[in-house]
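Structure first, then comments.
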Amino acid sequence: MSTTQNISKESILKISRILESQHVIFYKLWDMGSPNLSEEIPTACVKFDKSGSLLSFDFNPKFWDSLTDYERAFVIAHECLHVILNHGSRNPSKNQAEHLVANIAMDVAVNEMLLNSFKFDLDKIKNCPNICLCDTVFEEEEMPNDRSFEYYFRKLKQTSNISMSTLDIHDFLSNVDQKTLDHITESITQDPSISQDEIEEFLEHIEKDTGGTENSQESPG
């Protein structure tokens, strides 16, 4: 992993240990990329180069400095799930208003998954702004926390009271194509440090948000 002079090796090692403890695949994706600080983005994002290889996890310096290493690991895992779940290509929005709704729905699905399936501790991420969750986004309706982002997108389109914004920016997710996903899959499946059981466990955790597979579970409306 390449690093910048602005991010200490000690911090990178601490983040790596946290990611590996939550799931080794988060650590693997983090290890494939490069952590960078950039004032060009408001909070965080993940970018790719033209070859489809993972290029960088970018953080605004002030945002980075405001976070603990645990919170940084949460944001990095958040970015990893957006990529693995191919949220960029699955975005169904047709205009700017729907684009905002889709971004919030993506964050709800990812954040709920990180808390419930990968056991991140909400009490340890208090410095992270705009944590979109079922109970913060859908304040007037009880919402299941184990559905796909398309499900939350449809639900959000039915409400006119949307005051949340997202933790990160999703502008570069559209650059994630099948070549990129194939590269990531190959890197993970061919890594001898990752067992088949760990891969299957990860797939079970993300199965609920792999694109329209939960239709039979949805309630009418």
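Table for the structure above
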| item | result |
| --- | --- |
| Estimated [θ] at 222 nm from DSSP helical runs (n ≥ 4, -39500 (n - 2.57)) normalised by residues in the chain, nearest 500 | -14500 deg cm²/dmol |
| Spacing of the two label points (7 Å from each Cα toward its C-beta) at Asp135 and Leu122, in nm | 0.4 |
| Label point distance in nm, Ser66-Ser187, each placed 7 Å from Cα along Cα→Cβ | 2.8 |
| Gain on full stretching of the segment that runs from Lys179 to Leu13 - 0.36 nm per residue minus C-alpha separation | 56.8 nm |
| Angle in degrees between helix 178-189 and the longest Cα principal axis of the chain, rounded to the nearest 10 | 60 |
| Electrostatic dipole magnitude of the chain [Cβ: Lys, Arg +1; Asp, Glu -1; Cα centre; debye, to 20] | 520 |
| Extreme residue, positive dipole direction of the chain, given options Thr159, Gln96, Ser16 (C-beta unit charges) | Gln96 |
| Per residue accessible area in Å² of segment 156-197, where ligands, DNA and RNA are left out and the probe is 1.4 Å | 63 |
| For Ala44, residues with placed amide H under 5 Å, excluding near neighbours | Asn60, Ile169 |
| Among Ile131, Thr43, Thr189 the positive-end extreme of the charge dipole of the chain (Cβ point charges) | Thr43 |
| By average C-beta atoms within 10 angstrom, highest first, the peptides 30-38, 80-88 | 80-88, 30-38 |
| Selection from Leu122, Ile76, Ile25 lying farthest towards where the dipole of the chain points positive, charges on Cβ | Ile76 |
| Folded to 0 to 90 degrees: helix 196-206 orientation relative to the chain principal axis, Cα | 40 |
| Accessible surface of the chain, 1.4 Å probe, proportion on carbon and sulfur as whole % | 45 |
| Packing rank of 117-130, 165-178, where each peptide gets the mean count of other beta carbons within 10 Å, highest leading | 165-178, 117-130 |
| Under 20 Å between alpha carbons - lysine pairs in the chain that sit 8 or more apart or on different chains | 19 |
| Among (i) 22; (ii) 28; (iii) 40, the entry derived from the coordinates for percent of Cα pairs over 29 Å apart | (i) |
| Probe 1.4 Å, protein heavy atoms only - accessible area per residue of segment 18-143 in square angstrom | 40 |
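The values are calculated or read from the model by the stated rules, or taken from the named source; none is laboratory data. Everything numeric here is computed off the predicted structure, so don't read it as measured data. Neighbour counts are summed over all protein chains in view; Cβ atoms, including those assigned to glycine, are modelled from backbone coordinates with ideal geometry. Side chains are part of the model used for accessible areas, which takes the heavy atoms of the whole protein and leaves out ligands, DNA and RNA. Shrake-Rupley method; radii C 1.70, N 1.55, O 1.52, S 1.80 Å.
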